[in-house]
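Read-outs throughout are calculated quantities, based only on the coordinates presented, and are distinct from any laboratory measurement. Owing to the predicted nature of the structure, the values given are computational and were not obtained by experimental measurement. Methodologically, a virtual Cβ is constructed for each residue, glycine included, from the backbone with ideal geometry; neighbour enumeration extends over all protein chains shown.
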Amino acid sequence: MDKFSDFPTNLTAPAREGAVVTPNDQTDLAVLPRALFVGQGGAVAVNLAGGQSVVFSGLASGTILPVRPRRVLATGTTATAIIALW
């Protein structure tokens, strides 16, 4: 039993779900995440929920990137083992 299951999910609560991200220049993520976990460091290129395209460079392995990306782009992304958290 999860004694915390009655707490609401919001943007400040810990993530309750996650999915492996396959960077793709054409396809949005199935769920708008609250953050990305970067398993193997590098750069992550994203289209953010607000419409901007940015590249986060020099990310270390194990970084949690607190952004809401609509899409993780293959072009410009060198990091691997990326997990979307929501």
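Give the residues of the range 30-52 whose amide nitrogen is closer than 16 Å to a point set 7 Å from the Cα of Ser61 in the direction of its Cβ. Only 37-43 fall inside the zone, counting backbone N under 16 Å.
Stretching the chain fully between Ala81 and Gln52 yields a gain of 8.1 nm (0.36 nm per residue, less the alpha carbon separation).
Here the Karplus relation 6.51 cos²θ - 1.76 cosθ + 1.60, evaluated at θ = phi - 60°, turns the backbone of the range 48-63 into coupling constants of 6, 4, x, x, 6, 10, 9, 10, 9, 9, x, 6, 7, 4, x, 6 Hz, with x for every Gly and Pro. Rounded to the nearest 20, the Cβ-based charge dipole of the chain about its Cα centre (Lys and Arg +1, Asp and Glu -1) stands at 120 debye. Using θ = phi - 60° in the Karplus curve 6.51 cos²θ - 1.76 cosθ + 1.60, the 3J(HN,Hα) couplings for the range 16-26 round to 10, 9, x, 8, 5, 9, 9, x, 8, 6, 10 Hz; x is entered for Gly and Pro. With a cut-off of 15 Å between beta carbons, the residues surrounding Leu32 carry a summed charge of +3, where Lys and Arg count +1 and Asp and Glu -1. All alpha carbon pair distances within the chain were sorted into 5 Å bins beginning at 0; the resulting P(r) in whole percents reads 3, 15, 26, 25, 15, 7, 5, 3, 0. Note down the net charge around Leu11, summing +1 for each Lys or Arg and -1 for each Asp or Glu among other residues with Cβ under 9 Å from its Cβ. Residues near Leu11 contribute +2 overall.
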